[in-house]
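Bear in mind that the values in this text are calculations on the coordinates, not laboratory data. Here the structure is a predicted model, which means the values were calculated and not measured. Because the Cβ atoms are built from the backbone with ideal geometry, glycine has one as well, and the counts that use them run over all protein chains shown.
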Amino acid sequence: MTEPAVTGRADRAVFGVVFLMVFAFSYSEQVVSQLFPNSGTGGLAWRLVVIVVDAAVLAVVGLMKRAITRADGDPSRLWGWWLAGVGVLLGIDALRLLPVNSVGLDVVTATIYAAAMGLTIVSSLNADPLTLLNAGRRVRLPGDWARVRAIVPLVVGTWFCYLAASVYVDLFDVETSRVLDPQTEAAIANLSVSEQMSVLSQLCQGAISPVFFQLVAEVIPVLLLALGVEFNYFRRTLTDAGQRAATAATVTVLAAGLVAVLSTLPWDGEGCGDVLSRWHEYIAFLLAVQGVFTGLATLVWLLVSSTPDAPADAVAEPTGPRE
């Protein structure tokens, strides 16, 4: 009689793990950094806050993992993988306290960070991460493989989000003038109207070209249609709680990216007073990149992961217990 209640709690925990990791954890650094605008890229205070926030999110995820593993009947399973992923994530957070600015280092840490996040998610969902690399395990543990393969596109999209964050800070002119200071505004006020318009159109600009957001606003709906119509994605990925959670998160990422880029379109990025704020531009850029690459990764991954690892008669009856 308590089985449906237990299953319901486990399903909610699965959704909680996926959404907390993909949204709350992935964007903790980006959001917190924007709350400390004067600390600079090497600021210590906001990076300490990031560690505290990440640790709190991971603690909640750990509680949800406990609920999921209890519902599956094997509460001691995969905690080693989970602790390894959490250790790497918090370790990189601590490493970023060091004032080192290097594009190459940012790419390496972003890659390791995304991989560790994926490891933490799948182990929290009580799915063996080795099924991604071992065909034999995929055959023996089809339930684990269903959850792992559902998470892969989200991890790829998050990785590109991390890379985009590094590119925005390291390669773009984030300190570009977006508003006029009082002295410059007073000087321009003494010019003729035609001269004012000419000067104002050149003084202020954003770090991201408005054309980028316009193009993304056209691409994301196409990706959604391709997933929903061409690949029957939404009908094929609703058999397991992990798959349903990953599907919901994927759609949410694409929708958030579309909403973010649409919110930028009223500003044409030309002239003072018609430029996005740094926070608006930064978050919209990250959501746009994550949305596009999550959609593309999902399309490619559906083709790759749909190839069976063994003949149908070999996988019809999985052998061996869950490891």
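How charged is the neighbourhood of Leu286? Take every other residue with its Cβ under 15 Å from the Cβ of Leu286, and add Lys/Arg as +1 and Asp/Glu as -1.
Combined, the nearby Lys, Arg, Asp and Glu give -3.
What is the sum of charges around Phe25, taking Lys and Arg as +1, Asp and Glu as -1, for the other residues whose C-beta is under 12 Å from the C-beta of Phe25? Could the numbers behind the result be given before it?
Values: positive: none; negative: Glu29, Asp54, Asp93.
My count for the surroundings of Phe25 gives -3.
Between Val304 and Leu265, how high is the FRET efficiency from 1/(1 + (r/R0)^6) when r is the Cβ-Cβ distance and R₀ = 35 Å? Nearest 0.05.
Numbers: r = 34 Å, r/R0 = 0.98.
In this case the efficiency is close to 0.55.
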